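Quick notes on the structure that follows.
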Amino acid sequence: MSISSHRTSERRRLPLVLVAACSAGALLALSAPTASAVTPLTATATFNCGSWGSGLATLTAAASGTSKTVKVTSSAITMPSGTSADPNSITTTLKLTKTSGGVTSQVQFSAKTNPGMSGGNPITLGPLKLSSGTLAAGDSTNTVVLPTPPSATNWSLQIVASSPTSATVPCVATSALSTPFLW
């Protein structure tokens, strides 16, 4: 009798253990942060940044939950000779057009994030955080293409260096992204 009652109690405990394990797994899955994807991860566009140069720039996008960023790098756009920038001393703002459900508006990404750079160095700016506007799943973004020359009121990308060189560099996108970002 003790053997059969032992087996019966084991059989009854096994389903309870499985239910508890499944419930714990489901709870972990629900509490894990959801990752939102952006495609493609990188795209290219051309920019005219006046004395800092003109040419191809790579934009690298990332999305994780509510955080959305874009990083800008270019070997064609460089700090002018005789200038330099300390780490995290350049405030960069990037304007992108947003299309959502057939409606076009604008979003901005901005941050004061850069490595130390000196004259002739290619630019590395960001990651820039979404700072103005919203992006939802299914929204697409592209560069704000504007006529040249860039100016204080005509820019798609603005670079404001503060230490040790002070400069405000407006840039205009002269081409659309090679592939728009889909958030």
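Put simply, the amide H of T165, placed in the peptide plane, has neighbours under 5 Å in S84, D86, leaving out anything fewer than 5 places away on its chain. Scalar couplings 3J(HN,Hα) for the range 172-183, obtained by applying the Karplus form with A = 6.51, B = -1.76, C = 1.60 to θ = phi - 60°, are 10, 6, 9, 8, 6, 4, 4, 8, x, 6, 10, 8 Hz; x denotes Gly and Pro. 3J(HN,Hα) along the range 94-101: 10, 9, 10, 7, 10, 10, 9, x Hz, from the Karplus curve 6.51 cos²θ - 1.76 cosθ + 1.60 with θ = phi - 60°, whole Hz, x for Gly and Pro. Cα-based values for the range 53-107, radius of gyration first and Dmax second, are 14.9, 47 Å. Extension gain, S178 to T134: 0.36 nm times the residue separation minus the Cα-Cα distance gives 13.6 nm. Across the range 46-153, the convex hull enclosing all Cα atoms gives 106 Å³ per residue. Modelled this way, with points 7 Å down the Cα-to-C-beta line, the labels at T73 and N154 are 3.1 nm from one another. With kT/(6 pi eta Rh) evaluated at 20 °C and eta = 1.002 mPa s, and Rh the Kirkwood radius from Cα pairs, the range 100-183 diffuses with a coefficient of 146 µm²/s according to Stokes-Einstein. Note on S51 and T124: the model spin-label points, each 7 Å out from Cα along the C-beta direction, lie 2.5 nm apart.
Computed from the coordinates by the stated procedures, all read-outs in this text should not be read as laboratory data. As the structure is a computational prediction, the values presented were derived from the model and not from experiment. Heads up, the Cβs are rebuilt from the backbone with ideal geometry, glycines too, and the neighbour counts pull from every protein chain shown.
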